[in-house]
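Here is the structure we will look at, set down as structure tokens.
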Amino acid sequence: MRVKVFIKTYGCQMNERDTEAIAGMLAQQGYSIVDDENAADILIFNTCSVREQAERKAIGKIGIVKKLKKLKPHLIIGIMGCMAQNLGEKLLQDLPHADFVIGTGQLHKLPETLASILDERRQLALLTGGKEVLTSMGTHYRMSNTKAYQAYIAVTRGCNRFCSYCIVPYVRGREVSREIDDVVAEAKTLAADGVREIMLLGQNVAAFGLGGDTNPPPENISPFADLLFELNKIDGLYRIRFVSPYPSYFTDKLINAMGTLEKVCHNIHLPLQSGSDRILKKMNRQYTAEKYLEIVDKLRKAMPDITFSTDIIVGFPGETDEDFEATRMMMKKVGYDNAFIFKYSPRQGTPAAKIPDQVAQELKEKRNQILLKELQDCTAAHNKNYIGSIQEVLVEGPSRRNDKRWSGKTGTFKVVVFEPDKNTRKGELVKVEIIRATSATLFGKLI
Ligand code: 5AD
Ligand code: SF4
């Protein structure tokens, strides 16, 4: 009987990618990856630390599975990912039913750790620290929720920017980049396996290949643009996306490359965080609202149909009504098609957590709601503009609500729902005429 492993992922796409790599390593060793936690012999929680809420959620869940261990004493419980790196030893003290804690820099040690736990029932393996792992992570295990023709490729890991609110540089460590050839080889293998869309991942992805402390980045070289250029040549690959670029890394060289490479999608996630220069400075974000708008304008000139999404933090320490208004105004000016709006969460060990002037929770909540409402109005208006247009859609398969209708996405990251015909295949590009739109979805017919 093969040992069954269930893996639950919290946090960002980088963590989803790590889960695929973890699953791939274990599958190669003969473990079977299962979707049902009750059927598993090993439970792994791949956790996130970016906000307190993310940690609380994982700790709550790991607390609940304690009773499973009472029923099944052989059950092995492991905590991996950013929270493992961040809280380390404390997790083993607070959750004594956990068998191992492995941080992001040690994740390649999972197979040997599991083997020794299974062998000796040795309790409490704690592996944290170490540099982010770039090699031996090539396998792309297809999890049950992985879309058949899409794949994540991690190109940089870690971060050197030290935004004052952010725990990532402390848990994932300094930024490291892979070699171009290595990434291109991985993309070619994926394309040969039927992958049509790749999403390049990095905490500061456009800093790829620059080799460390480079802000502002050089105007005349962009290894990230070189990478896009190489990936654009790969046969069978239709689309290239990436997250998350730090705004000031959009040099003219990179913007020009993006405008000319037809596979690079016209949708950019461009974290703003705040529209107030005063707050941006306190956040140690090294751009102003004006500079950010300049980048948006240049990107729009290069790709007129481009859409933007962003990350916003409300209630950063000392955020006044005036600062918040500046964020609202910026959101209106840019006209985002999506935004992740977060309530500031103090993270121990980061400079912002020490600022005495913390904003009340109710005020954070109120500001959050205002931005969400305005965002929805903005997206609804944008989506109406698509009515009557013909869009190229990468087909994903039956839609979640109604399996007679299929859905897919435009290059601008809009969800399009349409009725398939007998030739419609997942992972293919089709043309759809848009006839109706809501704030979340475009509806159309195949042409
Ligand atoms: N509190 C709230 N949001 C945060 N983020 C990062 N750190 C914090 C924090 N301490 C948000 C930022 C980042 C996204 C991944 O999470 O907006 O872009
Ligand atoms: Fe969370 Fe950041 Fe770690 Fe991703 S890198 S899992 S967002 S803390």
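The values are calculated or read from the model by the stated rules, or taken from the named source; none is laboratory data. Computed from a predicted model, the values in this text were never measured in an experiment. Here Cβ is always computed from backbone atoms with ideal geometry, including for glycine, and neighbour counts include all displayed protein chains. Just the protein is used for accessible areas: all its heavy atoms, side chains included, with ligands, DNA and RNA removed. Shrake-Rupley method; radii C 1.70, N 1.55, O 1.52, S 1.80 Å.
Data for the structure
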item	result
Helices (runs of 4 or more DSSP H) fully within the range 1-104 counting 1 or more residues that are within 16 Å of ligand 2 (Cβ to nearest atom)	13-28, 52-64, 81-87, 89-94
Among residues of the range 51-71, those that are over 17 Å from Asp99 (Cα atoms) and of a type in the set (Lys, Arg), counted	3
Residue match in the range 229-242 (condition: modelled with pLDDT of 95 or more, open to solvent by 70 Å² or more (accessible area, probe 1.4 Å) and assigned to a helix (DSSP H, G or I))	yes
Count of residues meeting criterion [in contact with a helix residue (DSSP H, G or I) (Cβ under 6 Å, 6 or more places away or on another chain) and more than 18 Å from Asp226 (Cβ to Cβ)] in the range 178-209	1
Residue in the range 44-63 that is farther than 21 Å from Ile153 by Cα, touching a Pro at 6+ places or on another chain (Cβ under 7 Å) and away from ligand 1 (no atom under 16 Å from the Cβ) present	no
Subset tally (residues that are in contact with a strand residue (DSSP E or B) (Cβ under 6 Å, 6 or more places away or on another chain), under 23 Å from Met283 (Cα atoms) and either open to solvent by 40 Å² or more (accessible area, probe 1.4 Å) or in a loop (DSSP other than H, G, I, E, B) (or both)) for the range 176-226	2
Pairs where the first residue, in the range 185-214, is under 16 Å from Met14 (Cα atoms) and the second is within 16 Å of ligand 2 (Cβ to nearest atom) and aromatic (Phe, Trp, Tyr), C-beta under 6 Å, 6+ apart	Met199/Tyr152; Leu200/Phe242; Leu201/Tyr152; Asn204/Tyr246; Val205/Phe242
Cβ-Cβ under 7 Å pairs, at least 6 apart or on other chains, the range 417-435 side of a type in the set (Lys, Arg), far side exposed (fewer than 14 other Cβ atoms within 10 Å of the Cβ) and in a loop (DSSP other than H, G, I, E, B)	Lys431/Ile447
Residues of the range 160-190 satisfying the condition of being within 13 Å of ligand 2 (Cβ to nearest atom) and farther than 16 Å from Ile313 by Cβ	Pro169, Tyr170, Val171, Arg172, Gly173, Glu175
Filter result (within 16 Å of ligand 1 (Cβ to nearest atom) and within 21 Å of His266 (Cβ to Cβ)) within the range 190-203	Met199, Leu201, Gly202
Single residue of Lys147, Lys188 found to be at pLDDT below 90 and of a type in the set (Lys, Arg)	Lys147
Selection from the range 192-210 of residues that are in contact with a Cys (Cβ under 9 Å, 6 or more places away or on another chain) and within 15 Å of Tyr246 (Cβ to Cβ)	Leu201, Gly202, Gln203, Asn204, Ala207
Selection from the range 83-101 of residues that are in contact with a Lys or Arg (Cβ under 8 Å, 6 or more places away or on another chain) and under 15 Å from Gly173 (Cα atoms)	Gln85
Failed item, numbered, when Thr310 is tested on (1) surrounded by fewer than 20 Cβ atoms within 10 Å (Cβ to Cβ); (2) within 20 Å of Cys163 (Cβ to Cβ)	(1)
Lone qualifier among Gly130, Gly78, Gly138 - being more than 16 Å from ligand 1 (Cβ to nearest atom) and modelled with pLDDT of 90 or more	Gly78
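Rundown of residues vs (1) assigned to a loop (DSSP other than H, G, I, E, B); (2) more than 24 Å from Gly194 (Cβ to Cβ), yes/no style:
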| site | (1), (2) |
| --- | --- |
| Gly388 | yes, yes |
| Glu396 | no, no |
| Gly411 | yes, no |
| Pro420 | yes, no |
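Here is a yes/no grid of residues against (1) modelled with pLDDT under 95; (2) closer than 21 Å to Ala206 by Cα; (3) within 16 Å of ligand 1 (Cβ to nearest atom); (4) open to solvent by 10 Å² or more (accessible area, probe 1.4 Å):
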| position | (1), (2), (3), (4) |
| --- | --- |
| His266 | no, yes, no, yes |
| Ile279 | no, no, yes, no |
| Lys298 | no, yes, no, yes |
| Glu325 | no, no, no, yes |
| Asp337 | no, no, no, yes |
| Phe340 | no, yes, yes, yes |
| Thr350 | no, no, yes, no |
